[in-house]
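One structure is given here, and the rest of the page talks about it.
Nothing in this text is a laboratory measurement; each read-out follows from the coordinates by a stated rule. Please read all numbers here as calculations on a predicted model, not as lab measurements. Heads up, the Cβs are rebuilt from the backbone with ideal geometry, glycines too, and the neighbour counts pull from every protein chain shown.
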Amino acid sequence: MPESKGRKKDNYEPPAAKNNRTPVKLGSGAWVAPTMVALFIIGLVYIVIFYIAGQDIPIMRDLNPLVNVIIGFAFITGGFVVSTRWK
């Protein structure tokens, strides 16, 4: 009995590259690092000013001491949140 001829497979050719795609932007925006550093510094300066001259500043004097520390740490925490966007 004669054998049937096997089909010849074509070589694989990948689809043509599409040039209409925009390149992916790597890295973070220019605002991330300065904002992160500014939030760290503002939080640190707020806590230091509160401990050095807190009783002489009317707004800090009116607030509970724990609230003043929480405000400083809120700025520092904001710096850590922004730092997650830094690449």
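Counting C-alpha atoms alone, how compact is the chain: give Rg to one decimal and Dmax as a whole number, in angstrom.
Using the Cα atoms of the chain, the pair Rg, Dmax is 30.5, 108 Å.
For a quick protection proxy, order the peptides 49-55, 28-34 by their average other-Cβ count within 10 Å, most packed first.
49-55, 28-34
Given Cβ point charges of +1 (Lys, Arg) and -1 (Asp, Glu) and nothing else, what value in debye, to the nearest 20, does the dipole of the chain about its Cα centre take?
The dipole magnitude comes to about 820 debye.
Given a cut-off of under 8 Å on Cα pairs at least six residues apart, what relative contact order in percent is computed for region 32-83?
61 percent
Restricting things to alpha carbons, find the Rg to Rh ratio for region 32-83 using the Kirkwood radius for Rh.
Details: Rg = 11.6 Å, Rh = 11.1 Å.
Over the Cα atoms of region 32-83, Rg/Rh equals 1.05.
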